[in-house]
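One structure is given here, and the rest of the page talks about it.
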Amino acid sequence: MSSLPRSVAETARLLADQGYIADLELSTTIHLALAMRRPLFLEGEPGTGKTEIAKVLSAGLDRRLVRLQCYDGLDLSAAAYEWDHARQLVAIRVAEAAGDTDRGALSRDIYTREFLQARPLLSAIDPDLPPSVLLIDELDRADEPFEAFLLELLADFQITVPEYGTIKAATAPVVVITSNRTREVHDAIRRRCLYHWVGYPDAQRERAILAVKAPGIAASLSAQVVAFVQRLRAEDLFKLPGVAETIDWVNALSYLDQHELAPGAVDDTLGVLLKYQDDIAKIRGAEAARILAEAKGDALAVARAADAA
Amino acid sequence: MIPPRPRVPVAEETAPDATGGRLATNVMRFARLLRRAGLPVGPAEVIAAQQALAAVDITSRTQMRTALRAVMIHRREHQDVFDQAFTLFWRDPNAGQHAAVMALFEGQKEKKPERAPPASRRVSEAMAAPRERKPRPEDEAPRVDTVMTVSERERLQTMDFEAMSAAEVGAAKEHIRRLRLPLDLRRTRRSRPDPAGPIVDLRATIRASLRRGGALLDIASRRKTTRPPPLVVLCDISGSMSRYAQILLHFLHAVTNDRDRVSVFLFGTRLTNITRQLRHRDPEVAFQMVAHIVPDWSGGTRIGEALAEFNRHWAKRVLAQGAVVLLITDGLDREGAKGLAENMDRLHRSCRRLIWLNPLLRWTGFEPKSQGIRAMLPHVDEFRPVHNLASLRELIESLSRPGPTRPAERERMAA
């Protein structure tokens, strides 16, 4: 495990080394979360690289990644811990058979660590395991009661098991919580975290991301793709394309041996970018051609500026 | 906006001195400015801000702003107000005391409710109907949502709730306040202990058996819990609907305070989320806060536009987990039903049950002739009148029953 970065610049370098292109605001917030040992609460549109941050931190800090995917009805036994009831029952029967009916001794015997099965949350703070990065993904998908389970963990990095006692992390885990805002997460959670809204990147950063995530693509094509997507995000659509979609699209175009954006290819592959039929119907055809013409102008201006520099 | 006055250079102001005392004071004053601008910033945020500033390079403005923002605000909606306040304050830390700067935040301050309604009205009501008032929760400072900044022009058009006196709504108000809205309960994936439940609770069983020295006598069991689905109300407040909207607001206030997961939106030409305002227990305070933030009382209607705005900005945030949508409108659209069918269709597909309440239905022999109504009708699960207490009560009964199967599902089942 490597030590935590000591400055914002070091944090930015750590992210860049793992191929994550972050702006100064994001690196500052991440650095603060690491320095203050507070959970990081990332909200933003889907496909803007929120989950990726946890993966990158895990690789960069050389810590194990513990991931908890949230869903409606997620409860303690699936998220934190569960007693191994079958083995406990066997232990009780064995004690019975041996004629041992000392209640105190029996409960000491079956409520021990070996009967406790760790689920992601407990595993993340297990003092016997190496330090971790805990990713609580899409918290908005879980229901409100689950958020209450999280409060003790987020404030003190500990979990209290009534029958056993309190388990506390030896090294505070790096906690990353993501939300797509399909539901407002409660203020109690927000207050324990550092908040950052992850927006869509600007054109320059998106080109840099493509250069890392889709290497081997001609710079001219990725400049056009980025310009097109940036223009598309200004349109009135139900679901705007994220960075993940941009990466998929540039890869799709490259599989189809396209070296330059052409109206036909754009129409054929629009489904990679837009995921709702209404949006596709709105953009396909004349609208796509108009955006494409503007995007090509943007890309050309970028290329000229690069030549001049 | 800010009167000319000698400014302290940024670097000097933000550079830490030997004790850091000056910076600490400035952070505290900055927090006070944010509070005055309506952001919920407490002592915990101030302490965290001090720690955060120690961890970054405060000669970098971006780092400093991001650090303060990460710990002092918790919602995207507050980001713009924060950024404005940051720009002003850290250029000139005395700005917090400037009348000019305060004037800038006046828009937010204005919305802080006056606790007591106009005295004249209080007095006249007290004279007309001497009845006991519930003690009002004076200390509970209502949270003011600073998102919906009201522009000067629209504030002029803000409706006066004086018009809605006791005489007009009368006894109906009292009835409505006592109505409860028991929606059909949905089974959740959570369970609670129940001796007759179908799920075996091994954890409780083992704990109980230990109390008896390890003998397995009773099997503890659990049952899945139920809870009502989220409710989203979209209520038309245009001129043709204003009489009903006023009465229905009482109903919506009662519903919002009775259960969790309720979101209420008003629309005329624009869409306004009034959920936070309605949460105030005292209806009069709640309505005053609503009157302050809603720009378009009794104006025209652009139903298609309002629904489009809802679909775009709110549907994904409030329609998750099987929401029921109540759409209250007469369907008389100023824009000639532009974009109405598409947006109704989208709304219908995003929720579990869409119920349209239309006061025009009170006339027997009502025929859906208006373009707007014809565009909307194919996309609703239920179409009901809402014009008097009886129809409200019918609505409540209907909501308590499981919803009808959607045509698409019926076809699928038939196939």
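All other residues with a Cβ under 15 Å from the Cβ of residue A:279 taken together, and with Lys, Arg as +1 and Asp, Glu as -1, what is their net charge?
Net charge around residue A:279: +1.
Sum up the charges of everything whose Cβ sits under 13 Å from the Cβ of residue A:173, counting Lys and Arg as +1 and Asp and Glu as -1, but leave residue A:173 out.
On the way: positive: A:37, A:38, A:63, A:64, A:67, A:168; negative: A:126, A:156.
Here the count lands on +4.
Using the number of other C-beta atoms within 10 angstrom as an exposure proxy, rank A:76, B:307 with the fewest first.
Ordered from fewest to most neighbouring Cβ atoms within 10 Å, A:76, B:307 come out as A:76, B:307.
Which of the helices in chain A, when you take each full DSSP H run, stretch at least 30 Å along the axis at their Cα atoms and have an average Kyte-Doolittle score of -0.5 or higher?
Sorted by number, the helices that extend far enough and score high enough are A:286-308.
Can you tell me, using C-alpha contacts under 8 Å and at least 6 residues apart, the relative contact order of chain A as a whole percent?
RCO, chain A: 20 percent.
Would you please classify the overall shape of segment B:248-353 from the alpha carbon gyration tensor, given that a ≥ b ≥ c denote the square roots of the eigenvalues, rounded means a/c under 1.5, and beyond that prolate means a/b larger than b/c while oblate covers the rest?
The shape class here is oblate.
For a quick check: sort B:353, B:36 by the number of other beta carbons within 10 angstrom, fewest at the front.
Taking fewest neighbouring Cβ atoms as first place, the list is B:36, B:353.
Give, as ranges by residue number, the residues of segment A:183-210 whose backbone N falls under 17 Å from the point 7 Å along Cα→Cβ of residue A:306.
Correct set: A:202-210.
Using the number of other C-beta atoms within 10 angstrom as an exposure proxy, rank A:276, A:164 with the fewest first.
Least crowded to most crowded, the residues run A:276, A:164.
Here, each number is a calculation from the coordinates, and none is a lab measurement. Treat the numbers as computed from the prediction; the structure is a model and nothing was measured. Please note: Cβ atoms are built from the backbone with ideal geometry, for glycine as well, and neighbour counts cover all protein chains shown.
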